[in-house]
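See below for the structure under consideration.
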Amino acid sequence: MTSVVTSEAATYLGNPIDLVEEIANANDWAHDRTSEEELIAEVSGRWCDYRLYFVWQEELCAMHFSSSFDMKVPKGRRGAVYELLALANEKLWLGHFDLSSEDRSPAFRHAALLRGVGAGSAEQVEDLVDIALSECERFYPAFQLVLWGGKRPLEAIAAAMIDPLGEA
């Protein structure tokens, strides 16, 4: 495997979880700094509350982020949900949806590489959260249609992708 080498090593300038904590405080998000490398926050969305999980991996200079839904997938619906995940992931530019094997809840995940950019910027963290919450809100109805409406994944995705005109 080839490796790219630069003439100067970039120095790490800080822990991005500190920045995430400042943003959580500024937005009045309920949050818990579980360690120097982890922060969990709760954010209310249109459809449900989302649990935001930020983890800093210093060795990789990467921040992992996930936004999990407040729903559980029953064993009998996992196959349909896996198909739905694949269909939803085809429509994403950044990140992906998956299903946690531990608590059986869908989540949007993304990792941001921050080598050479210090702890990142407030704008980067805001974009990360905005994109994740937008995608969660966009696809939440599809998950509901598959889980509780008995719809096939293709039908659920089609319904979720309809852009409404105006307001009722």
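Is it the case that some residue within region 16-25 is more than 21 Å from Glu123 (Cα to Cα) and out of contact with any Cys (no Cβ under 6 Å at 6 or more places or on another chain)? No. Inspect all residues belonging to region 93-100 and state whether any of them is over 13 Å from the mean Cα position of the chain (by Cα), of a type in the set (Asp, Glu) and within 21 Å of Met63 (Cβ to Cβ). Checked region 93-100: no residue is over 13 Å from the mean Cα position of the chain (by Cα), of a type in the set (Asp, Glu) and within 21 Å of Met63 (Cβ to Cβ).
Comparison of Leu39, Leu60, Leu87, Leu94 shows that the only residue that is within 21 Å of Gln124 (Cβ to Cβ), surrounded by 17 or more Cβ atoms within 10 Å (Cβ to Cβ), out of contact with any Leu (no Cβ under 6 Å at 6 or more places or on another chain) and not charged (D, E, K, R) is Leu39.
For Arg33, are the conditions met, namely being among the charged types (D, E, K, R), surrounded by 14 or more Cβ atoms within 10 Å (Cβ to Cβ) and in contact with a Leu (Cβ under 8 Å, 6 or more places away or on another chain)?
Working: among the charged types (D, E, K, R): yes; surrounded by 14 or more Cβ atoms within 10 Å (Cβ to Cβ): yes; in contact with a Leu (Cβ under 8 Å, 6 or more places away or on another chain): yes.
Taking the combined requirement at face value, the residue satisfies it.
Filtered by the rule that a residue be surrounded by 12 or more Cβ atoms within 10 Å (Cβ to Cβ) and either at pLDDT below 85 or not hydroxyl-bearing (Ser, Thr, Tyr) (or both), region 42-56 gives Glu42, Val43, Gly45, Trp47, Cys48, Asp49, Arg51, Leu52, Phe54, Val55, Trp56.
Annotation: of all residues in region 106-139 being exposed (fewer than 15 other Cβ atoms within 10 Å of the Cβ) and among the polar types (S, T, N, Q), the one that is modelled with the lowest pLDDT is Ser121.
The values are calculated or read from the model by the stated rules, or taken from the named source; none is laboratory data. The shown structure was predicted, so the numbers you read here are calculated from the model rather than taken from an experiment. Virtual Cβ from ideal backbone geometry, glycine too; neighbours counted across all protein chains shown.
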